[in-house]
Amino acid sequence: MGGARERGATSVEDEPGCPRSLERAVAGYCRHLASVRRLSDNTVRAYRTDLLSYAAWARREGVDPLDVTHAELRRYLAELAQAGYSTRTRARRLSALRGLYRWMSREGLSGGEAAAALASPRLARTLPHTMSDADVNALLATCDTTTPAGMRDRAFLELLYASGARVSEVSGLDVGDVDLARGQVSLFGKGSKERIVPLYDVALEWVRRYLEEARPSLVRPGGSGGEALLLSMRGNRMSADALRSSFERHVAAAGLDSSLTPHAMRHTFATELLDGGADLRSVQELLGHESLSTTQIYTHLSVDRLRAAASAAHPRASRGPTRKPQL
């Protein structure tokens, strides 16, 4: 317990003009998220932004965040609602607060009872946005595979569709993470957890062609790409943002819905697995979901697709109510 106290003391001390400041606690918590839980830079940045916004509110309202009450936290959430923040945003901010207060409680800095007792705003169930086979084929067709960049983009899109990977996971791939001989890719997801995902032959072939025909010409003497699988024209590893931009360009070129994101490929991957008869636990493992409940959303989507198909195909589905037959 003494060690925990000392670690906490390095995160939170009285600062001149700012007694019992929460900002340093947020900094310590974010270091914990990055070094212990190994969350991505973008995720840690989002936590920091939400928590510092809460710290600014507490300072403005004269609330002591290290001794906050249930009523004060409810007032904070109510003010977010009045300011027009969406239910999802309010739920995310409350989740960040719960995590912070749990960590501070373990460090001996503050109790977490007030935050833990708050009920999350009820979220409306939204089904993931998926793509049809025609959409995917149109997207893939926009890649000019006579150029190194076009072949790279084709390999990138094929990997997304074949593995259900997050775009950040594809960005982090090194050449050695794709095993062409075994037909699989090693993905490193949230918390740096590794999972092995098999790839179908077409995707493997495009990755092989990219590695042999295109990637060597993208390597630059001053580039920082190293062993990165996907290289930019300057020879650097393509970031998740760069890959998203590439995806958006191909979506526009294909004339598809501009709201489509790389995550739509992940949703499509999961739904097609379930439609094909895969069990939920296998899909959970392939997606790298920590909780099965996260994967279950795809069962609803799969059932909806089956219902739509049955309605379109069944000879009596389009008819109105019929009279009860006379026996």
Could you pull out the residue among THR130, THR146, THR142 that is free of Cβ contacts under 8 Å to residues at least 24 places away in the same chain and β-branched (Val, Ile, Thr)?
THR146
Test: residue in region 208-231 that is touching a Lys or Arg at 6+ places or on another chain (Cβ under 9 Å), surrounded by fewer than 20 Cβ atoms within 10 Å (Cβ to Cβ) and among the hydrophobic types (A, V, I, L, M, F, W, C)
no
Could you check region 22-73 and list, in sequence order, the residues that are on the phi > 0 side of the Ramachandran plot and without any contact (Cβ under 8 Å) to a residue 24 or more places away in the chain?
GLY62
Residue that is buried (at least 16 other Cβ atoms within 10 Å of the Cβ) and within 28 Å of the chain's Cα centre (by Cα), where the choices are ARG45, ARG106, ARG102, ARG92:
ARG92
What number of residues within region 171-206 satisfy the criterion of being more than 22 Å from the chain's Cα centre (by Cα) and buried (at least 16 other Cβ atoms within 10 Å of the Cβ)?
3
Tell me, which helices (runs of 4 or more DSSP H) wholly within region 141-252 include 3 or more residues that are within 18 Å of ALA270 (Cα to Cα)?
148-163, 167-171
Wholly enclosed helices (runs of 4 or more DSSP H) of region 52-126 bearing at least 2 residues at pLDDT 90 or above:
70-82, 87-106
Name the residue, out of VAL219, VAL251, that is closer than 18 Å to THR145 by Cα and either among the charged types (D, E, K, R) or touching an Asp or Glu at 6+ places or on another chain (Cβ under 8 Å) (or both).
VAL251
What number goes with the only condition from (1) more than 23 Å from SER232 (Cα to Cα); (2) surrounded by 15 or more Cβ atoms within 10 Å (Cβ to Cβ); (3) at pLDDT 85 or above that ALA134 does not pass?
(2)
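The values are calculated or read from the model by the stated rules, or taken from the named source; none is laboratory data. On a predicted model such as this, the values are computed, not experimentally measured, just so you know. Heads up, the Cβs are rebuilt from the backbone with ideal geometry, glycines too, and the neighbour counts pull from every protein chain shown.
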